[in-house]
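Presented below is the structure to which this report refers.
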Amino acid sequence: MKVGVYRPSDLPESFNVCIDNIVKYASHLDVDFVQTTDEATLASCDVLWDPRAGGGHAPVESLYQLDVPLVVTLHGIGPLIFPSHYSVGFRHRLQVLKDNRKKKNDWKKAHGKYSKIVTVSNFSKRVINEYLGVDADDIQVVYNGVDTTVFNGARPEQDNQPYFLHVSNDESRKNVDRIIKAYSLIKEPNKWPLVLKLSSDRKCNVDKVKLISQRLSNEQLSDLYQKAGAFLFPSIYEGFGIPIIEAMASQCPVITSANTACEEVAGEHGILVNATSVHSIKQAMIEAMERPMGTEALFAAQEHAKSFGWEKASEAYFEIFNEAMTKQNLRTLENRS
């Protein structure tokens, strides 16, 4: 089976992680991935995969005109649910709302022209159905995975003071302002430092807050997780939340949101907070310092994280691709007869 992967060069990092791992872990299956934006090459494939549908964007219209079965991965629709977190200023907000109307119209045009929509959580499936009108039967959930060859291992003995850790791109929905505010309200003199690994040039003059802006390898990230006392991820919106399972796989306690996909991904293994409440985030941080998670709970969280495997995800994608190709072949035979 030859799968054409529509892959522009400017995709977000999380999309690239998904694509790279599906291609990597499907290498033992009977599938050949061709990654390109050249439509003539894509038209020669058995199945097309558009893995770059995020923010509610519909598949590229020219792809479903190639007469090749199309599988689309829609990672999330954040701007449609929380437009205020994807806009800065009144004019930008109007533009986002205008874009949202176009996205909904584009999905109406695409209806019936794709074989399957893949999304990354049951939460995302529910809101895609609700906000975009995509039939629930056309949506299949395939969870993202975690690379346990990197994010793994026993928690090291703490020879230094533990710290709170947050890793994100610093978008508004990541809630960094509330994290800093909650931390600043903790008055205990021996409170843990706060380490913010952000893909931004944010400045912060709050005492004991350290900013890391340079790009880190997965191995460096794993080291940060393993030495942290708790990982903070109280997002306003997530379609999945890969850092949650990266932290758990590294035996790092997780504080995350009781909303969107975060609670679904964390399961029973995270401390859940109200993402819009500074007080709720603060109290969870105090709890993490005063009542550290025990070894048994850390192992249970690690095992939970291992259930999100890229190999499992790649096998699910293979079945979806194979089903799409088979249906197309049957239709072709029926038309010839």
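The values are calculated or read from the model by the stated rules, or taken from the named source; none is laboratory data. Computed from a predicted structure; not experimentally measured. Note that we place each Cβ from the backbone using ideal geometry, even for glycine, and neighbour counts take in every protein chain shown.
Within segment 172-188, the set of residues being more than 24 Å from GLU290 (Cα to Cα) and in contact with a Pro (Cβ under 9 Å, 6 or more places away or on another chain) comprises LYS174 only.
Tallying residues that are more than 23 Å from the chain's Cα centre (by Cα) and among the basic types (Lys, Arg) within segment 278-332 yields 4. Residue count for segment 285-297 satisfying the condition of being at pLDDT 95 or above and either under 14 Å from LYS187 (Cα atoms) or not in a helix (DSSP H, G or I) (or both): 4. Only residues that are part of a loop (DSSP other than H, G, I, E, B) and among the hydroxyl-bearing types (Ser, Thr, Tyr) were counted in segment 105-129, giving 3. In the set GLY229, GLY239, only one residue is under 16 Å from ALA275 (Cα atoms) and either acidic (Asp, Glu) or not assigned by TED's automatic domain parsing to the domain that holds ILE128 (or both); that residue is GLY239. Which one is surrounded by the most Cβ atoms within 10 Å (Cβ to Cβ) among residues in segment 298-320 that are free of Cβ contacts under 8 Å to residues at least 40 places away in the same chain and assigned to a helix (DSSP H, G or I)? Looking at residues that are free of Cβ contacts under 8 Å to residues at least 40 places away in the same chain and assigned to a helix (DSSP H, G or I), I get ALA300. If you check VAL5, VAL17 for being under 27 Å from SER168 (Cβ atoms) and in a helix (DSSP H, G or I), only one passes: VAL17. For segment 189-228, a residue qualifies if it is within 19 Å of GLU290 (Cα to Cα), of a type in the set (D, E, K, R) and in contact with a helix residue (DSSP H, G or I) (Cβ under 7 Å, 6 or more places away or on another chain), and exactly one does: LYS191. Among the strands (runs of 3 or more DSSP E) confined to segment 139-209, there are none with at least 3 residues that are more than 18 Å from ASP223 (Cβ to Cβ) and of a type in the set (Gly, Ala, Ser). Under the condition of being closer than 14 Å to ASN175 by Cα, of a type outside the set (S, T, N, Q), assigned to a loop (DSSP other than H, G, I, E, B) and over 14 Å from the mean Cα position of the chain (by Cα), the residues counted in segment 235-259 number 1. Note on segment 85-125: among residues that are surrounded by 14 or more Cβ atoms within 10 Å (Cβ to Cβ) and charged (D, E, K, R), the one that is modelled with the lowest pLDDT is ARG93. For residues that are in contact (Cβ under 8 Å) with a residue 40 or more places away in the chain and out of contact with any strand residue (DSSP E or B) (no Cβ under 7 Å at 6 or more places or on another chain), scanning just segment 222-234, find the one that is nearest to TYR183 (Cα to Cα). Once the filter is applied, the top-ranked residue is LYS227.
For segment 210-234, taking the residues that are crowded, with 17+ Cβ neighbours inside 10 Å and in a loop (DSSP other than H, G, I, E, B), the one that is modelled with the highest pLDDT is identified as PRO234.
Let's see how each residue does on (1) farther than 22 Å from ALA258 by Cα; (2) over 23 Å from the mean Cα position of the chain (by Cα); (3) polar (S, T, N, Q):
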site	(1), (2), (3)
HIS166	no, no, no
ASN175	no, no, yes
TYR183	no, yes, no
LYS191	yes, yes, no
VAL195	yes, no, no
SER199	yes, no, yes
LEU211	yes, no, no
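With the requirement that a residue be under 18 Å from ARG173 (Cβ atoms), within 22 Å of the chain's Cα centre (by Cα) and of a type in the set (A, V, I, L, M, F, W, C), what does segment 81-117 give you? Scanning segment 81-117 gives ILE81, PHE82, VAL96.
Which of the residues spanning segment 67-87 are in contact (Cβ under 8 Å) with a residue 40 or more places away in the chain and assigned to a loop (DSSP other than H, G, I, E, B)? Selection gives VAL68, PRO69, HIS75, GLY76, ILE77, PHE82.
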